[in-house]
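Visitor: This is the structure I have questions about; it appears just below.
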Amino acid sequence: MLSAPNEKYEVHIANSLSQWDKISGRFLPTLSRMFNADEEIVNQSVKKMIFAHDIGKLTKKWQEEIAKIASNKKGYTPPHASLGAAYLLEWNKNGINNDLGNASVFAILIHHIDSGVSGNNLESPDAEIILEGLLQEGDKISWHEEGDKVLATFMFDGILRLDSITLKSLTNLSDALRSWSKCPRLLDQHKHRLLSSSLHHILKICDWRAATEREVDDKEKETRRSVLEVLLNGGILP
């Protein structure tokens with residue numbers, strides 16, 4: 001199971017979680033005030049967000065396509081962010097406060113939007129899954145048969161089986177985030193944007209820094225020369 005052509009899925013997730021451990025002390029006091037929640041509750045929520053952010057890569061099609069790319073063949077990996085967001089939304093139903101849970105889910109949903117990989121995942125993630133050919137029958141997602149084994153290697157309580165995420169989960173995702181982000185009060189809309197942006201920033205730092213630990217092609221090396229270099233080598237230090 002791969003996360004990138006030269007990186008195992010579980011290695012990338014473990015490295016991303018490790019990056020959060022390095023910087024969490026700098027962020028937790030502020031996040032605790034922003035979300036009006038205990039630091040440990042925020043800490044566990046951020047870890048769950050990082051754990052879930054790439055779960056959409058565990059579909060059968062995504063793994064088939066990344067294997068082609070790893071073998072220097074032409075391949076196309078379908079969008080994966082909406083499935084990770086739907087997974088976290090379902091997982092968070094037991095006990096995460098509304099703003100913290102929704103901001104975490106929203107951060108996953110948009111975690112590739114800065115590179116233009118958004119597709120329909122913001123407004124119609126269920127339609128996107130259909131168009132990308134990720135259904136196997138009825139409303140069931142075509143997950144890779146080894147996906148649950150990979151998730152089980154991580155020590156989190158209450159990890160969901162992948163088959164608990166269906167097309168209906170994507171519809172629920174769209175409805176929940178639309179209601180939260182486009183709520184009636186303008187002040188609340190602004191607050192929700194700030195909350196989701198803060199967690200999105202953290203997810204990108206951890207994701208990008210973890211990615212530097214794998215072999216990359218020339219295109220990704222070129223991207224690293226951009227402003228995102230700040231996230232990799234400075235600005236937010238452990």
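None of the figures in this text is laboratory data; all of them are computed from the coordinates on show. Keep in mind that what you see is a predicted model, and the values were worked out from it rather than measured. Backbone-built Cβ (ideal geometry, glycine too); neighbour counts: all protein chains shown.
Visitor: If I take R0 = 22 Å and measure r between the Cβ atoms of Leu17 and Lys168 in this structure, what FRET efficiency does the formula 1/(1 + (r/R0)^6) give, to the nearest 0.05?
Guide: 0.15
Visitor: So, one more: Which whole-Hz couplings ³J(HN,Hα) result when phi for each residue of the stretch 147-155 is put into the Karplus expression 6.51 cos²θ - 1.76 cosθ + 1.60, θ = phi - 60°, listed in order with x for Gly and Pro?
Guide: In residue order, the calculated couplings are x, 5, 5, 5, 5, 5, 6, 9, 8 Hz.
Visitor: Would you calculate the separation in nanometres between label points at Ile113 and Ala127, each defined as 7 Å from the Cα along the Cα-to-beta-carbon direction?
Guide: With each label placed 7 Å out from Cα toward Cβ, I get 1.7 nm.
Visitor: Now for a different question. Which entries in Lys48/Lys74; Lys22/Lys68; Lys47/Lys73; Lys61/Lys182; Lys68/Lys140; Lys57/Lys168 show an alpha-carbon gap greater than 30 Å?
Guide: With Cα atoms farther than 30 Å apart: Lys48/Lys74; Lys22/Lys68; Lys47/Lys73; Lys61/Lys182.
Visitor: Also: Measuring from the lowest to the highest alpha carbon on each principal axis, how far does the stretch 61-111 reach, largest first, in angstroms?
Guide: So the extents along the principal axes, rounded to whole Å, are 45, 18, 12.
Visitor: When N counts the residues of the stretch 2-233, how does its alpha-carbon radius of gyration compare numerically with 2.2 N^0.38 Å, as a ratio?
Guide: Normalised by 2.2 N^0.38 Å, the Cα Rg of the stretch 2-233 equals 0.98.
Visitor: If you average the sequence gap of Cα pairs under 8 Å that are 6 or more apart and divide by the length of the stretch 2-233, what percent do you get for the contact order?
Guide: In percent, rounded to a whole number, it is 25.
Visitor: Right, another one. Please give the contour-minus-distance gain from Arg26 to Asp148: 0.36 nm per residue of separation, less the Cα-Cα distance, rounded to one decimal in nm.
Guide: Values: separation 122, 0.36 × 122 = 43.92 nm, distance 3.29 nm.
Full-extension gain reported as 40.6 nm.
Visitor: Test of understanding: what is the full-extension gain from Asp157 to Leu194, defined as 0.36 nm times their sequence separation minus their Cα-Cα distance?
Guide: On the way: separation 37, 0.36 × 37 = 13.32 nm, distance 2.86 nm.
Gain on extension, Asp157 to Leu194, equals 10.5 nm.
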